[in-house]
1. Counting only residues 5 or more places away or on other chains, whose amide H sits under 5 Å from the amide H of residue 202 once H atoms are built in the peptide plane?
2. Kirkwood hydrodynamic radius, computed over distinct alpha-carbon pairs, for region 10-76: how many Å, to one decimal?
3. Along the charge dipole of the chain, Cβ charges K/R +1 and D/E -1, which of 89, 184, 130 sits furthest on the positive end?
4. GluC sites (Glu not before Pro) within region 23-132: which are DSSP loop residues with at most 16 other Cβ atoms inside 10 Å?
5. Can you say what percent of the DSSP beta bridges in region 87-280, counting only those with both residues inside, are antiparallel? Round to 5.
6. Would you calculate, for the chain, the mean residue ellipticity at 222 nm contributed by helices, counting each DSSP H stretch of 4 or more residues as -39,500 (n - 2.57) and dividing by all residues, to the nearest 500?
7. Using Cβ counts within 10 Å as a stand-in for footprinting exposure, how do 242, 52 rank, fewest first?
8. Over the chain, calculate the relative contact order: mean separation of alpha carbon pairs under 8 Å at least 6 apart, over the residue count, as a percent.
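What follows is calculated from the coordinates using simple rules that are stated; it is not laboratory data. Only a predicted model underlies this, so the values are computations on that prediction, with no experimental measurement involved. Here Cβ is always computed from backbone atoms with ideal geometry, including for glycine, and neighbour counts include all displayed protein chains.
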Amino acid sequence: MMVEKIAMQAEEFRLLKEHVAESLGLVLEDGTRNNLAGKLCHRLEELRLKSFTEYYCYLKFSPGRDAEWQRLVPLLTNNETYFYREAAQLSVLAQEVLPALKERKLARGERTVRLLSAGCSSGEEVYTLAMLLLESGCFSWDWDVRITGIDIDPRVLDAARQGLYTRRAFWAADPELVRRYLKPQGDKLAIRPILRKWTSFVRGNLLEPGDSLVGGRFDVILCRNVLIYFAEETVKRVVDNFSALQAPGDYLFLGHSESLSRTETPYLPLRFPGAIIYQKRE
Ligand SMILES: C[S@@+](CC[C@H](N)C(=O)[O-])C[C@H]1O[C@@H](n2cnc3c(N)ncnc32)[C@H](O)[C@@H]1O
């Protein structure tokens, strides 16, 4: 059936843009109005709404708004990711952070390690972390290790839990490691059970992670290629949320094009060749 095209007025775009920024943190660029209208036309049709003002009200006030957000989020987010993304940072994690973390934990008589991939998309970062930790040899099986992935988009979380990837997802990964930790399944590669033991995925919003990460404490948080889509004040809010989940001395990794240099936060930059990471102040 042909879906009738409904135009989105500038004021309607402004309302939706504001609501999306408040709810998800994402900034909709001004040039995306027609594109967004095109993506949402069939929703207006299905909901029998006549305008984007009505859609805005539906999203804000209707009892069905939570379900509608779940439909809307995949249309707005960029889920681009792959295994071993930003290798220089991952080397710092393997060579500097994990050994320091192990030493700190042993000095306190603790054997727990908690990592969070915030904005984990379809799971490539979470499984990369599991591979990295296993390869590091820092944490034997008597350590209680957990790597949690959190994302707002239910569709990518389903893919993450399934753990089935096309070969394209491994272009930056060492083929030997790919052979060790994934097995061929049809024309794809499937995560081996050893990577599942430490990993799990939850749905949650980084602006309000409370419910999804209740009581969580994370030695290392990676939030890479997520904040780049957020407004500056939202970045501060998200980083404050991370700080509430971390103790002094814990680590935060952002993407290479993301920086806290313009934001007042409790984190200090640590500079390494080709990579900057952050550590929460003592
Ligand atoms: C470009 S991917 C980054 C994936 C991975 N971190 C990486 O660097 O390869 C950004 C992810 O952030 C998620 N995201 C965006 N806004 C979010 C929010 N408010 N709460 C949780 N996840 C969010 C998106 O759904 C998307 O999967």
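1. Distant-sequence amide H within range of residue 202: 149, 150, 151.
2. 12.0
3. 184
4. Answer by residue number: 29, 80, 110.
5. 45
6. Values: 11 runs with 114 residues, N = 282.
When only DSSP H runs of four or more count, the value is -12000 deg cm²/dmol.
7. Ranking 242, 52 by Cβ neighbours within 10 Å, fewest first, gives 242, 52.
8. Working: 400 pairs, mean separation 50.7, N = 282.
RCO, the chain: 18 percent.
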